[in-house]
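Enquirer: Before I ask anything, here is the structure I am working with.
Read-outs throughout are calculated quantities, based only on the coordinates presented, and are distinct from any laboratory measurement. This one's a predicted model, so the numbers in the text were calculated from it and none came from an experiment. Positions of Cβ are generated from backbone atoms using ideal geometry, with glycine treated the same way; all protein chains shown enter the neighbour counts.
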Amino acid sequence: MRRAPGQTAGRSRVARAATLLAGQAVPWSKKAGMQPKPLPYPLRTILDLVFPPRCQGCGRFGPEVLCGACRQAIRRIVPPFCLRCGVPFDPLAQGGPLCAACRRRRRFPYTWSRSAAVYGGVLREAVHNYKFARRRVLAWPLAELMLEAIAAWQKAGLPDSDPAQWDLLCPVPLHPRRLRARGFNQSLLLCHRLSQALGVPVTEPLRRVRETLPQQQLPGEARPENVREAFAAETAAVAGRRVVLVDDLWTTGSTLVQCARALRGARAVYLFSLSRPLLGATPALSLPAR
């Protein structure tokens, strides 16, 4: 998809993303999941006295949604990692660009899968507050982690990492019943934050055609079957496009992979998650923020 004349390239967009995301006021839109405009100062002051703001990572009182100490404690996933599935490599290990599991497979429904940070500790607490305590304001700092990851990919020269070459951002959909219970789609909210910073439009071609059990309640071997053929897509909306599928968590990858399978006709499908656990990995495989 062609960009408008004079539109800034992806690298400079990413460089300006932190400024774009830092407290910018935007009008309320329930459909888009945007944040309301800031409250008037006197009312905000009264509310802060009655309900003092806390960091959503450590619980300490303070004005920041995610304090500086918590941001520093989050372990970013940085190259080297498998260029297909995104599993981190030991920086000292010698080998090719793909992990052993990906070398054994010949066909994939996606071009690459990558995650921004390690799911655990502070980030696990923040993601739980975001999804289950409905702390929508966390979408801002969590999206910043994803933007940091994009900048790191570009610095490392990884292929297909320039947002100027991406056509669409697509959230993993919730079943309507779960959406009503939660009140918002956490993946859609992240998409809108990324879209504001990168200038890549958001689309929602995917829908859940059947309700599934929450993946976190199932053992790893049961998760692929749980979401098998659970998604359908409006393929005309993505035909010939390079689509970035966005989700908050990659565990076994079953949900994102099934979504990718549904996006038939897309020119390329990239899987981008906020976080993933490092199952059986060593701490050396990821680095804290510097």
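Enquirer: Taking the range 201-271, which trypsin sites (Lys or Arg not before Pro) meet the DSSP loop condition and have no more than 11 other C-beta atoms within 10 Å?
Expert: Sites meeting the loop and neighbour criteria: Arg210.
Enquirer: Within a Cβ distance under 10 Å of Ala239, other residues only, what is the Lys/Arg minus Asp/Glu net charge?
Expert: Local charge sum for Ala239: +2.
Enquirer: Cβ neighbours within 10 Å, averaged per peptide: list 75-81, 249-255 in order, most packed at the top.
Expert: 249-255, 75-81
Enquirer: Another question about this same structure. Count charges around Ala230 for me, please; just the other residues with Cβ under 15 Å from its Cβ, Lys/Arg as +1, Asp/Glu as -1.
Expert: Local net charge: +4.
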